[in-house]
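Below: the structure, in structure tokens.
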Amino acid sequence: MDEPVPDAPAGERARRVGAILLAAGRSTRMGGPDKLLATIDGEPMVRRALRVLQAVPLAPVAVVHGVAADAVRAALAGLAPSLWCSADPSPEQQVSVVAGLRALPSDLDAILVMLSDQPLLDAADLRWLVARHRALPAGSAAIPVFEGRRGNPVVIDAAMRAPILAAHDASRDAAGVRGYLAAHPERAHRVEAPNDHFVVDIDSPADLERLAARGVRVVAGPRN
């Protein structure tokens, strides 16, 4: 049975951790089908991602949608996120990250930034990552790594939001969270993940085939 996020140590205030779910991708490498609407064991992949975030539980959750907003909203029917926000059309993922950062409230302690196309992740994985971030020095980011491969999601200290947004407003080339951590590598802490769930994502039909080979029931999404 899944366990909830561990309580804060005695005498320590419980932290408030929010999340950004990135669901604005165009699925260009899928060759037509919308990967976020592919069903994983009978459930749309984007719905599975939001359900996992809510099961941790993390709140609030800001879902960032793009050109397929109507389809994403339909897939999430009955799983109302805390916040909806839209991202300007762009091939750059960090534009969506910035939109999510702007949407979240200012009283958070940490923010988990999650892709919608990592169907092996479950609530226990995310609880582990949040706990690892809590153990880091203040002002840190936790970046999962598995066998040398950088993974997702990442958890950042909420204090990073203001400088990330300021840098984005000053220059659209600032590259959001990734650019901020590249400029401040001392704040980026790589944590060795316990499994490959953090490094498996779905970008192409071949990725769906590999997932099916692991015994997962997969059906490609409808064409865009």
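The values are calculated or read from the model by the stated rules, or taken from the named source; none is laboratory data. Predicted, not measured: the structure shown is a model, and the values here were computed from it. Every residue, glycine among them, receives a Cβ derived from its backbone with ideal geometry; neighbour counts consider all protein chains shown. SASA here: full protein model, heavy atoms, side chains in, ligands and nucleic acids out. Shrake-Rupley method; radii C 1.70, N 1.55, O 1.52, S 1.80 Å.
Every helix of 4 or more DSSP H residues in the chain counts as -39500 (n - 2.57), and over all residues that averages to -9000 deg cm²/dmol at 222 nm.
Using a Gaussian network model of the chain in which every pair of alpha carbons under 10 angstrom is joined by a spring, one finds that among Leu208, Leu36, Leu22 the greatest mean-square fluctuation is at Leu208. With the convex hull drawn over the C-alpha atoms of the chain, the volume per residue is 126 Å³.
With the convex hull drawn around the C-alpha atoms of segment 88-139, the volume per residue stands at 108 Å³.
Rolling a 1.4 angstrom probe over the protein heavy atoms with all chains in place gives the chain an accessible area of 47 Å² per residue. Of all the options Ala24, Ala138, Ala206, the one that moves most in a Gaussian network model of the chain with Cα springs shorter than 10 angstrom is Ala206.
May I ask you to derive the FRET efficiency for Ala206 and Val67 from their Cβ-Cβ distance with R0 = 35 Å, giving the value to the nearest 0.05? Here the calculated transfer efficiency is 0.90. Here Val219 and Arg190 are evaluated by their C-beta separation; at R0 = 35 Å the FRET efficiency comes out at 0.50. Here the Gaussian network model covers the chain, with springs between Cα atoms less than 10 Å apart; of Arg48, Arg16, Arg132, Arg16 fluctuates the most. Taking 7 Å steps out from each Cα toward its Cβ at Glu147 and Arg16 produces label points 4.1 nm apart. For the chain, carbon and sulfur atoms together expose 52% of the accessible surface, with a 1.4 angstrom probe and every protein chain in place. One way to sum up the overall shape of segment 147-224 is the equivalent ellipsoid from its Cα gyration tensor, whose semi-axes run 32, 18, 10 Å, largest first.
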